[in-house]
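Every read-out reported here was derived from the displayed coordinates using simple, explicitly stated rules and does not represent laboratory data. All values reported here derive from a predicted model rather than from experimental measurement. Neighbour counts run over all protein chains shown; Cβ positions are idealised from the backbone, glycine included.
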Amino acid sequence: MSIDQKVFITKTNHSKLENTDLINPIFGKVYADHMLRCDFTKGAWQDMKIIPYNDISISPANTTLHYAQTIFEGLKAYRNIHEEIVVFRPQDNAKRMKLSASRMCMPGIPESIFMTGITELLKLDQEWITNHPGTSLYVRPFQIAMDPYVGIRPSDDYTFMIITGPVGAYYSKPLKVKIETNYTRAVVGGTGFAKTGGNYAAALKPAIEAQKEGYDQLIWTDGLSHKYIEESGTMNIMFIIDGTLITSPIGDTILSGITRDSIITIAKDQGMKVEERPISTFEIIQSIEQGNLQEVFGVGTAATVAHIKTIGYNGIDYELSDVKSRKYSLEFLNTLDKIKSGIVEDKFGWIHKIN
Ligand SMILES: *Cc1c(COP(=O)(O)O)cnc(C)c1O
């Protein structure tokens, strides 16, 4: 499929780079100069185009707007210590995007388009990536249904796009989270494992309610019994109990995080005991009370590791260990940072170099 590789490039005449603070940008509000677009029409993916970042035009009857036939991905590009532009495990994002597409009755984007698209876009906007510690360029591929049709059926036409935006060297403060036992994020047979818009829209109200109670985020529990821990916001969740890394197993209801998989791999490589198994709220509260729960942290592309310092359950806030003493999660974070920045060898083959 040589057609996959063709990219038509139109460069901007008005780069925003000069007026952008790459060390402290407002995340999610600033986008780099170009975007990639590839349309699926007449049953086939067409040529890729890179064009200046701008609004796109869609019909008011666009089926995505009404019924949320839409999926996305999220990954980061870094400038390493050798001044190379690298992306962390992008092929895994491509695979996951196909999985999400399949659940949402969408044509999967071929990995060759996904990879060529990211590569060519990042080559063009590489000046947007600095090697200042902690900074990166967030890469947001997404795919939307394009039919101007308000009947409910899978769309015929689709658009795949990639936009990017700078992420600053922000420090993610330790989180206060609430174990949610009323609302449900995902159920068996549903769409929880897919990165699809509706999952996140449905999570807004529970999250806002928790914020009003003073929490930063939720820990979701299973939709049937609300007794088992699932994940947190856009992060998977991990516990260290008596030196063992424990995390909920991937399934229908839990998104298969690439950070999760990376940390499990590193932990096993370091000889640590890892258990992927259902973990109950009862076990968590009991291990807090017995003093065996050493660390709790969320893992995802946004923060890599987000320490959790307080867990709220049934109206009681449980305080966890001091973040400075968290040798396991700090070590995972450190190892991942060193692999991404090229300080240590990429022995797992996770780094994809651009050019
Ligand atoms: C994206 C996401 C994650 C984390 O996945 P990564 O690949 O590690 O970024 C976890 N849970 C949900 C619900 C997500 O959307």
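Remarks
- Remark: the residue 66-residue 95 segment gains 7.8 nm on full extension, using 0.36 nm per residue and subtracting the alpha carbon distance.
- What the phi angles of region 38-49 give under the Karplus curve with 6.51, -1.76 and 1.60, with θ = phi - 60°, is a coupling list of 9, 9, 10, 9, 6, x, 8, 6, 8, 5, 7, 10 Hz, glycine and proline written as x.
- All distinct Cα pairs of region 276-343 go into the 1/r average, and the inverse of that average, the Kirkwood radius, is 13.5 Å.
- Highest-first arrangement of 66-77, 32-43, where packing means the average Cβ count within 10 Å: 66-77, 32-43
- When the alpha carbon gyration tensor of the chain is reduced to an equivalent ellipsoid, its three semi-axes come out at 35, 25, 18 angstrom, largest first.
- Taking region 186-310 and dividing mean pair separation by its residue count, relative contact order in percent (alpha carbons under 8 Å, at least six apart): 26
- Put simply, the amide H of residue 76, placed in the peptide plane, has neighbours under 5 Å in 88, 139, leaving out anything fewer than 5 places away on its chain.
- Simple rule: put +1 on each Lys or Arg Cβ and -1 on each Asp or Glu Cβ in the chain, find the dipole, and look at 298, 215, 149; the Cα lying farthest toward the positive end is 149.
- Links that overshoot a 30 Å alpha carbon limit, given the list 95/353; 29/95; 49/338; 273/347; 49/76: 49/338
- Mean Cα-pair separation over length for region 3-167, i.e. relative contact order, pairs under 8 Å, 6 or more apart, %: 34
- Among beta bridges from DSSP that stay inside the chain, the antiparallel ones total about 80%.
- Between residue 314 and residue 334, the contour length at 0.36 nm per residue exceeds the Cα-Cα span by 3.8 nm.
- Region 228-264 and region 1-64 have Cα centres spaced 33 Å apart.
- Partner aspartates and glutamates whose Cα lies under 20 Å from the Cα of residue 327, excluding those fewer than 8 positions away in the same chain, are identified as 242, 261, 269, 275, 295, 319, 337.
- Coarse-grained scattering of region 47-147 at q = 0.15, 0.16 Å⁻¹, given as base-10 log I(q)/I(0) from a Debye sum over alpha-carbon atoms: -0.71, -0.79
- Span from the region 153-214 Cα centroid across to the region 327-345 one, whole angstrom: 26
- Quick note on region 175-341: its Rg to Rh ratio, both from C-alpha atoms and Rh being the Kirkwood radius, is 0.94.
- For residue 205 and residue 26, a Förster radius of 25 Å and the Cβ-Cβ distance give a FRET efficiency of 0.50, rounded to the nearest 0.05.
- Helical mean residue ellipticity (222 nm; -39500 (n - 2.57) per DSSP H run of 4+; nearest 500) of the chain: -7000 deg cm²/dmol
- Peptide ranges 54-60, 163-169, 289-295 listed from the most packed, as the mean C-beta count within 10 angstrom indicates: 163-169, 289-295, 54-60
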